[in-house]
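> Sharing a structure, written as structure tokens. Questions coming.
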């Protein structure tokens, strides 16, 4: 329908602004995991280095192995960041044609230094031949990521985190270098084939049925995000992050993520006071609030996570802190 073509035509340039790119931004009716699989299927011929510092970054490894691609894992202690020197030390062997990193590790509240990692990779003798794949599902539009300036190859996100939309859409910026690489990779599948997706995107279309209701919501939300201003949006997220950390420390909690790498969109608090997190959530639910227990067996009840992303404002955070304070005072 021409109305849908017009809708995608309106959305695409706005997505490019949010990604800080003049390259194509692919729109998918899937979760972010779908576009992680797309990145692997389209850009890996030889071997990929998967950087793991939490539960969600380990999904890169799982997807790689499920697709029969060769990989090695660079893993650091959860709560720590992946650092540039760690990455280039492993890539220096010359056997890798891709590296996958999570920008904002949702399970631990750590933001990895993508800009510095990418610069270090490009400085390698074969750096321009290495695909840099970035999962920014819980980061993009809340935590700074500049696709073109940082010289990334694939950066992906989804609708339900800092975009503050219902789940069901995912977006990824794809470099010209990655599109050329895709032409050399066999068995890219169909649904997530970058070449097929771009063929239709050039006509403001999708190769399969789009989620039109969600695209209408995205169109409106992008207008609101750009009206706020991307820089102002980053500043608001950082202010809420800083207030969350200050509140947690004032109550005697420790911050689980490494100092200097605390996420602008989600704070992971160490439960060193051993509060009953399920009981806390039952209490919060009665006030229309909820926070996340630690993710996975490693962190459940040992940490809890407070989101400060999307459309949330400082007043929302203060209301949450007041409710937690009331619970702890019982």
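Every read-out reported here was derived from the displayed coordinates using simple, explicitly stated rules and does not represent laboratory data. Predicted model only: the values in this text are computed from it and were never measured. Neighbour counts are summed over all protein chains in view; Cβ atoms, including those assigned to glycine, are modelled from backbone coordinates with ideal geometry.
> Would you be able to tell me the number of residues in segment 101-116 that are over 14 Å from residue 143 (Cβ atoms) and without any contact (Cβ under 8 Å) to a residue 40 or more places away in the chain?
1
> Residues being free of Cβ contacts under 8 Å to residues at least 12 places away in the same chain and in a loop (DSSP other than H, G, I, E, B): count how many of those fall in segment 276-329.
Matching residues across segment 276-329 total 6.
> Could you count how many residues in segment 67-100 are closer than 25 Å to residue 35 by Cβ, touching a residue at least 60 places away in the same chain (Cβ under 8 Å) and in a strand (DSSP E or B)?
So the count comes out to 2.
> In addition: Quick check: is even one residue across segment 229-245 in contact (Cβ under 8 Å) with a residue 24 or more places away in the chain, farther than 23 Å from residue 311 by Cβ and buried (at least 22 other Cβ atoms within 10 Å of the Cβ)?
Keep residues of segment 229-245 that are in contact (Cβ under 8 Å) with a residue 24 or more places away in the chain, which gives 230, 233-234, 236-241, 243-244.
If we keep only those that are farther than 23 Å from residue 311 by Cβ too, we end up with none.
No, the conditions are met nowhere in segment 229-245.
> Restricting to segment 101-126, and then to whatever is in contact with a strand residue (DSSP E or B) (Cβ under 8 Å, 6 or more places away or on another chain) and in a loop (DSSP other than H, G, I, E, B), can you tell me which residue is nearest to residue 37 (Cα to Cα)?
103
> Please indicate, with yes or no, whether at least one residue in segment 318-329 is crowded, with 19+ Cβ neighbours inside 10 Å, within 24 Å of residue 166 (Cβ to Cβ) and touching a helix residue (DSSP H, G or I) at 6+ places or on another chain (Cβ under 7 Å). If you could, list the steps in order and put the result at the bottom.
To start, the set of residues in segment 318-329 that are crowded, with 19+ Cβ neighbours inside 10 Å comprises 320, 324.
Subsequent filtering for residues that are within 24 Å of residue 166 (Cβ to Cβ) retains 320.
Narrowing further to those that are touching a helix residue (DSSP H, G or I) at 6+ places or on another chain (Cβ under 7 Å): none.
No, the conditions are met nowhere in segment 318-329.
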